[in-house]
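A quick write-up on the structure given underneath.
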Amino acid sequence: MRQLAHLASDAADYLVDAVDLLDDTRAGLPVELGDGFLAVVTEQEARRGAGRCFTLVASLTALGAEDALATAELFVAEHRHRGFVPEYQPPALSPTQDTTLRAVARGDVAITSGKPYLRREDLRISISTIRSLESRGLVMREDCPDWFRDERVHLTAAGRRGLAASFARPHSTAPAATRPPARPAATAARAAVR
């Protein structure tokens, strides 16, 4: 958690630097170029500098959501190990729904042209799975045209509670489909007919 806090703080500092660079350039003020050297830069140079800041922010936060999810799972697992069991019961989810819920928690899912767009190539998620999680109130969509995607998919409060409640729980294994045993009366009746 401490590491995530440091990464977020460093990322925020770079974003503030980018805003200051752009604001100072628009105001015609000199900006520090390193080693205490001040100069007035062009709008294009300021945008390149801000772009470098955004690239650093992206690299600092690239694994943030995945690390936060892993940290939350470790935290809940440790609490379970110590006897603190969450009162909230996780929703019954299929393996596909569980995978989708975790991908949404990591920020890997967006919707583009009515179809799921995934940041990771090893995932396969259908729009019907997202709709089923939406109908259960576990995820929601938010418009985000500025990010080159139509919609981002987020966990709702119920989705966060359900996901957290599923952490460190043994996965139930459904018994294989088997033929039910014959009823004794039916078996006896068949034997009498023979």
Worksheet entry | Subset of the stretch 26-54 (residues that are assigned to a loop (DSSP other than H, G, I, E, B), of a type in the set (A, V, I, L, M) and either touching a residue at least 24 places away in the same chain (Cβ under 8 Å) or within 25 Å of S9 (Cβ to Cβ) (or both)) | L33
Worksheet item: Would you pick out the residues in the stretch 18-38 that are over 19 Å from L56 (Cβ atoms) and in contact with a strand residue (DSSP E or B) (Cβ under 7 Å, 6 or more places away or on another chain)?
Response: P30, L38
Discussion item. Considering only the stretch 23-32, I want to know if a residue exists there that is exposed (fewer than 14 other Cβ atoms within 10 Å of the Cβ) and hydroxyl-bearing (S, T, Y).
Written reply: no
Discussion item. Given the criteria surrounded by 13 or more Cβ atoms within 10 Å (Cβ to Cβ), in contact (Cβ under 8 Å) with a residue 40 or more places away in the chain and of a type outside the set (A, V, I, L, M), does D10 qualify?
Written reply: yes
Discussion item. Can you find a residue that is hydroxyl-bearing (S, T, Y), in a helix (DSSP H, G or I) and either in contact with a Gly (Cβ under 6 Å, 6 or more places away or on another chain) or within 25 Å of L4 (Cβ to Cβ) (or both) anywhere in the stretch 99-111?
Written reply: yes
Worksheet item: Hey, D98 hits all of (1) modelled with pLDDT under 90; (2) open to solvent by less than 40 Å² (accessible area, probe 1.4 Å) but one; which does it fall short on?
Response: (1)
Item to complete: Kindly indicate the residue of the stretch 122-155 that is open to solvent by 90 Å² or more (accessible area, probe 1.4 Å), among the acidic types (D, E) and farther than 18 Å from P95 by Cα and also modelled with the lowest pLDDT among those meeting that condition.
Response: D146
Worksheet item: Taking the stretch 70-98 on its own, how many of its residues are in a loop (DSSP other than H, G, I, E, B) and either touching a strand residue (DSSP E or B) at 6+ places or on another chain (Cβ under 7 Å) or not acidic (D, E) (or both)?
Response: 12
Response to the item:
Per the filter on the stretch 44-94, residues open to solvent by 60 Å² or more (accessible area, probe 1.4 Å) and of a type in the set (S, T, Y) are T55, S59, T61, Y88
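Within the bounds of the stretch 172-189, is there any residue that is modelled with pLDDT of 90 or more and loosely packed, with under 14 Cβ neighbours inside 10 Å?
no
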Worksheet, complete the sentence: Just one listed residue, out of D23, D67, is in a helix (DSSP H, G or I) and farther than 30 Å from R124 by Cα, and it is D23
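The values are calculated or read from the model by the stated rules, or taken from the named source; none is laboratory data. All of these numbers come straight from a predicted model, not from anything done at the bench. Here Cβ is always computed from backbone atoms with ideal geometry, including for glycine, and neighbour counts include all displayed protein chains. Heavy atoms of the whole protein, side chains included, go into the accessibility calculation; ligands, DNA and RNA do not. Shrake-Rupley method; radii C 1.70, N 1.55, O 1.52, S 1.80 Å.
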